[in-house]
Amino acid sequence: MSIEVKHITKTFGQFTALKDVNLRIETGELVALLGPSGSGKTTLLRIIAGLELPNPGEGEISFFDESVGDQHVSRRKVGFVFQHYALFRTMTVFENVAFGLRVRPWKSRPSRSEIRDRVEHLLKLVQLEGLAQRYPQQLSGGQRQRVALARALAVEPKVLLLDEPFGALDAKVRRELRRWLRHLHDDVGITSVFVTHDQEEALEVADRIAILNAGKVEQIGTPEEVYEKPVSPFVLQFLGNVNLFHGRTTKQYVRPHDVVLVADATGPDSIPAEVEHVAFSGARVAVMLKRKDNGTILEAEVPRERHLALGLHRGQTVYVDVKESRTFEGDYSI
Amino acid sequence: MAVLRRSVLPGFRLSLGYTVFYLSLMVLIPLGALVVKSGTLSWHDFYTTVTDDFVISAYKLSLGASLAAAAINGVMGLLVAWVLVRYRFPGRKIFDAIVDLPFALPTAVAGITFADIFATNTWLNAYGNDWYRVTLVLIFVGLPFVIRTVQPVLQDWDTETEQAAMSLGAGPVTIFRRVIFPVLFPAWISGVALAFARCVGEYGSVIFVSGNIPGKSQIVPQLIIEKLYLPPDENGVTGVAHATSIGLVLLLISLSILLVLNAIDYLSRRHDR
Amino acid sequence: MKSPTPTPLSDAHGLPRHLRRPGSVVVQWSLTLIVVLFLSAFIIWPVVNVFRGAFSKGVDQYVKTFYVPTPADTSTLSRAEKRQLAKDQSQAERTREAVMMTVSVAAIVVPLNTIFGIAAAWAITKFKFRGKTLLISLIDLPFSVSPVVSGLIFVLLMGRVGIFGDWATHLNWPWPWSAYWRGFDVSWFPIGFAEWKQGVIFTPLATALASAFVTFPFVARSLIPLMASQGVEQEQAALTLGAKGRQMFFRVTLPAIKWGLIYGVILCTARAVGEFGAVSVVSGNTNANDTMPLRIEKIWQSYNTQQAFSLASLLATVSVATLLLKIFVDRKKAQQSLETSPGKTAQGAVK
C-alpha cells in the first residue's frame, strides 16, 4: 500500500489530538478524512505530510513500504494543498508552480525550458493557461485552489494531501471543483488524501472514507459501506440526519428516508404524529412531525408523489411507520 | 526559554540564540551594570543624593512640565485624531502625515529651532520662564503618541453604535461622553502615559530652551550629565554614583509607567472577553 | 458592517450627512481650524524655521558651513583675514567630519540591528516557546529608557570606574595583525592601520554602542506584527515543495516582508542619525567624537545660529524624507498584509 500510518499519537499540551491512530491507504486511492472540527483529521494529514511531528514513541509512517517518519517535510515528496492555499503572494502563478522545480539541487534541477514546458502543461491541466503572469491576489478563490493544486503536482509527489480543499469556496464553485478533482484524480492516478468536514463531499468524491472522532478512526470503508453499515451511532449520525426511537432496551436509529407516512395506522407499531412543517426541496419533501405520544420531534423525507397523495399540511395527523432501523450493541436506552 | 513544541520550520535555535545573545550583549549586561553599580551605593548616600534640594527641584520641573505637556497632548491629541478621522478637509493627508515628524526629527534639531523661535518671537515669551518654554517643547516631543494610539481605534469605530444612541435620543455631548470616549479610553490613556514617559526622559530638545540653572531650570537628565563629571563630594560619594542614583529613580519612573500601561492593556482586554 | 449606500459629501468614517444636526457644520469647521492651527504652530513652523534659519544669510553662507574654499590669490588677504579663513576652514572640516562620523556610525549600527530584528521577529512570530512575552518586553525596553540613562549605563559598564572599566580603558582595538580600530574620525571606514584608539568610553565605539542600544527595537518592532499576520503557511508550503531553509527564507519569507523591513530600517537609520542624549554622555565632549547632533550643539553654543541651522537642515531633510518614504512604504505594506487570510497565524495553524 502507498501510505501506512501505525500507532500515531499526538498531544498539544493537555489536549490529545490523535490517540493511537492506524490507517492504510492503497496505491491510487482517493481517501477522505472525515470528521467534525477537533476530531484530529487535519492533524493526521499534517503528520502524514511531516508538517507536524507525532509524539515520539513507537509510531510509524511509511510511504510505499519505506519509513518516512524521520524524514523532514522537505524530503518526503508530498504534494500538500493548504486550506487557504498558501500561495506565494510575491510570485506570479507561473513562478508559484515553478517554485518546487527551481529549488531543487543544481544536479537534479530541470533546465529552464523543461521547467517552462512542465509548468505550461500543468496550467493546462488545471485549466489556467491564460493566467500564468497574474498574481494570486488577482485570482478568484477557485482559480487559486487550482494554482495550489498545480503547484503541488509540479514536484511529482508520491502522494497528494489536501487540507479542506473546498472549505473556503462558495457552494456552487465547490460542487464544480469537487467533480473536477475526481476527474483529475482519475487522470493523474496519484494516491490522494483529503480532509473534509462535509459528509456530502466525502461521499461524492472519495473511493474510501475514514471517519474520525475525538482523535480516533471510527470506521474506514467505501462510501456505501460507511453509509449503509455504520459501525457506531457516531458514524451514522455524522453521515446524515437521523431520528432516534427509544425502544424497550435499545436505541433505534432511523434515517428520514426510512420513515414512511401513512394516513391510517397499519398496525400496533404505527405512531401517531402531527405535521409541524412541510419543506419542499424539489423531488423530495422534508416533513417535520411531532409525536403525539411523547412529543418528540421526528424528521421524515417522502417522495413528492406521497406528499401529494397524503395532502400533507400543518396540523394534520398522520401515522409513522419505520421501514428500516439500526441498533448498535452496547448502546442501551435508559 | 524552553521549546514547548517541535516545529518543522528551520532556524529556531539559530534565530532565538542570536536574539538572546545580542539582547544580552546590548541590554541585559548594560542594565545589569546599572543594577550592580547602584547596589554598591549605601542606602544613606542614595537617599541624601536623591532628596537633595537641587535634585528635587529638577524632578519637579521634569515631572511637572511632562505632566502638563501630556495633559495638553491628551486633549489636543484626541481632538486632532477625531478631526483627522471624522472630517474631510483640504490638506488632510498632509496634516495626517506630518503628525509623525516629532518622532523623526532629531531632538537637537527640534531644540535649536524652538530656541530660535522663542528668541525671535518675543511675544511668545510673555510668560518667559523656563517652565513655560520646556512645556511647549515637550508638547512637540509627545505630540504623536496620543494621536497615533487613538486614531486606529477611531478608524475601526462603527458609527452604527452612535446612530443607535442617537435613535435613543442622546445628544452629541452625551454620545461622546457615554458612548465614544469609554471605547477610546484604554488607547487614549496609554497614549497619554507614553507621551509622559517620553517627556520625562527627554534631553536633547529641552536643554536648548531651559536655562540649566541648578535648582531653578534644570531637568533631571541635565542634572545627571552634570553630576557625572563632578569630583567626589565631601562624603566621598563620586559623581558617577550621584548620577546613577538619580538615573535609577528616572528608570524606575519609566518602568512603573510601563507596568501601569501593561495593566491597563490587560484590564481593557479582559473587558472584551 | 457599514451600509454600502454612498453618502455624498460625508466622510468614510463619520455619520451620514442627513444624520448630522443643524449647526454641526459650524462645530466641524471650528474643530478643524483649531487642529490645523495647532499642527501648524507645533510642527510646520518649527520645521520651516530650520530651513529659514539655514538660508537666512543666503546660499553662499549655507555652503560655507560645510566647505570654505581657499581664494585663488591669498597674497592680497590681510593677516587677520587669513587667520579667519583658516579658522572657518577648520570649522567646516569639523562639520564634515561630524557628518562622516554620523554616516559611519549608522553604517555599523543599522546592519547589526537589522540582522537582530530579522532573527528576533523570526523566532517570535514563527515559533512557540516559553518566555516569549518577556523577550518582547525586553526588546521594547530601550523605548522607555531616557536617552541620558542609556548613555549612563554604558559609562557604568565601560567607564573608568565601570564594571569592565579596568579592561575597557586599557583596551587597544586590535584587528588581525597590525590593523587596529581607529575610530570613525580619520577616515570614514572605521578599520585601518597604524593609528589606534585606546579604551571604549569616549571613543567612537561607545558612540556606536549607545546608538545601537537606543535604536535596536525598530526593525524587530516593525517586523513582528507583519510577520505574525502572515503566519507560517507560506513557509510550510515552500518546505513541502522541497525547499531548503535558506531557499525558503530568501525566496518566500524575505520578499513577503520586504516593505516592513525597509520601513524598520529607515526608522532605525533616522533615529541612529539623530540620537543626541545617549551619544552626548558617552562621547565625552571630545571634538573628534562629534556626530551631527553633537556638532549642532557646539555650533549653537558658539552663537553661530545660521551654521547650526545649516547642519540641522541636513537632519531635517532626512526626517522629512523618512516621512515621505513612510507614506510610500505604508501603502506597499498594506498591500502585503491585505491578502492575508484568517486562520494562518502560528496559533491558527494547529487545529
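The values are calculated or read from the model by the stated rules, or taken from the named source; none is laboratory data. Source: prediction; values computed, not measured. Please note: Cβ atoms are built from the backbone with ideal geometry, for glycine as well, and neighbour counts cover all protein chains shown.
Worth pointing out:
- Only one entry in B:104, B:97 is of a type outside the set (D, E, K, R), within 8 Å of chain C (Cβ to nearest Cβ), surrounded by fewer than 17 Cβ atoms within 10 Å (Cβ to Cβ) and in contact with a Leu (Cβ under 9 Å, 6 or more places away or on another chain), namely B:97.
- Checked against the criterion of being over 16 Å from residue B:131 (Cβ atoms) and part of a loop (DSSP other than H, G, I, E, B), the candidates B:204, B:211, B:215 yield just one match: B:204.
- Taking the range A:171-285 as the region of interest, the strands (runs of 3 or more DSSP E) fully inside it that hold 3 or more residues being of a type in the set (A, V, I, L, M, F, W, C) are A:191-196, A:208-213, A:259-262, A:271-281.
- Number of the condition not met by residue A:37 [criteria: (1) within 23 Å of residue A:230 (Cβ to Cβ); (2) in contact with a strand residue (DSSP E or B) (Cβ under 9 Å, 6 or more places away or on another chain); (3) surrounded by fewer than 17 Cβ atoms within 10 Å (Cβ to Cβ)]: (2)
- Top-ranked residue of the range C:110-141 - restricted to ones that are surrounded by fewer than 20 Cβ atoms within 10 Å (Cβ to Cβ) and among the β-branched types (Val, Ile, Thr), ranked as nearest to the other protein chains (Cβ to nearest Cβ): C:115
- Test: residue A:100 is within 30 Å of residue A:183 (Cβ to Cβ), of a type outside the set (Ser, Thr, Tyr) and touching a Ser or Thr at 6+ places or on another chain (Cβ under 9 Å): yes
- Residue in the range A:34-44 that is part of a strand (DSSP E or B) and within 25 Å of residue A:239 (Cβ to Cβ) present: yes
- For residue B:143, the criteria (1) surrounded by 24 or more Cβ atoms within 10 Å (Cβ to Cβ); (2) over 24 Å from the mean Cα position of the chain (by Cα) hold in every case but one, which is (2).
- Filtered residues of the range C:24-80 (kept if of a type in the set (A, V, I, L, M, F, W, C) and surrounded by fewer than 11 Cβ atoms within 10 Å (Cβ to Cβ)): C:26, C:37, C:59, C:72, C:80
- Only residues that are more than 15 Å from the chain's Cα centre (by Cα) and in contact (Cβ under 8 Å) with a residue 24 or more places away in the chain were counted in the range C:313-330, giving 3.
- Test set (1) closer than 20 Å to residue C:318 by Cβ; (2) part of a loop (DSSP other than H, G, I, E, B) - residue C:294 fails condition number: (2)
- Scanning the range A:41-66 for residues that are under 16 Å from residue C:240 (Cα atoms) and aromatic (Phe, Trp, Tyr) yields a count of 1.
- Some residue of the range A:105-119 being touching a Ser or Thr at 6+ places or on another chain (Cβ under 7 Å) and either within 14 Å of chain C (Cβ to nearest Cβ) or surrounded by fewer than 21 Cβ atoms within 10 Å (Cβ to Cβ) (or both): no
- Residue satisfying condition, being at pLDDT below 90, aliphatic (A, V, I, L, M) and crowded, with 16+ Cβ neighbours inside 10 Å, within set B:67, B:41: B:41
- Within the range C:124-150, considering residues that are in a helix (DSSP H, G or I) and either of a type in the set (Phe, Trp, Tyr) or touching a Phe, Trp or Tyr at 6+ places or on another chain (Cβ under 9 Å) (or both), the one modelled with the lowest pLDDT: C:143
- One residue stands out among those in the range C:233-266 that are surrounded by 23 or more Cβ atoms within 10 Å (Cβ to Cβ) and within 8 Å of chain B (Cβ to nearest Cβ): the one that is farthest from residue B:110 (Cα to Cα), which is C:239.
- For the range B:125-167, the set of residues classified as part of a helix (DSSP H, G or I), without any contact (Cβ under 8 Å) to a residue 40 or more places away in the chain and away from every other protein chain (no Cβ under 12 Å) consists of B:125, B:126, B:127, B:132, listed by residue number.
- Residue pairs meeting the criteria (Cβ under 6 Å; at least 6 apart or on separate chains; first more than 13 Å from residue B:17 (Cα to Cα), in the range C:119-134; second assigned to a loop (DSSP other than H, G, I, E, B) and among the β-branched types (Val, Ile, Thr)): C:126/C:232
- Given (1) surrounded by 18 or more Cβ atoms within 10 Å (Cβ to Cβ); (2) out of contact with any Phe, Trp or Tyr (no Cβ under 9 Å at 6 or more places or on another chain), index of the condition residue A:230 fails: (2)
- Note on the range A:53-67: among residues that are more than 23 Å from the chain's Cα centre (by Cα) and not in a loop (DSSP other than H, G, I, E, B), the one that is farthest from residue A:6 (Cα to Cα) is A:66.
- Checking each residue in the range A:89-102 for being surrounded by fewer than 21 Cβ atoms within 10 Å (Cβ to Cβ) and either under 28 Å from the mean Cα position of the chain (by Cα) or assigned to a loop (DSSP other than H, G, I, E, B) (or both) picks out A:89, A:90, A:91, A:92.
- Look at (1) more than 7 Å from chain B (Cβ to nearest Cβ); (2) over 22 Å from residue B:17 (Cβ atoms); (3) surrounded by fewer than 20 Cβ atoms within 10 Å (Cβ to Cβ) and you find that residue C:163 fails only one, number (1).
- Of all positions in the range A:128-144, at least one carries a residue that is among the small types (Gly, Ala, Ser), in contact with a Phe, Trp or Tyr (Cβ under 7 Å, 6 or more places away or on another chain) and touching a residue at least 40 places away in the same chain (Cβ under 8 Å).
- Answer residue from the range A:68-82, given it is under 14 Å from residue A:52 (Cβ atoms) and part of a strand (DSSP E or B) and is nearest to the other protein chains (Cβ to nearest Cβ) among those: A:80
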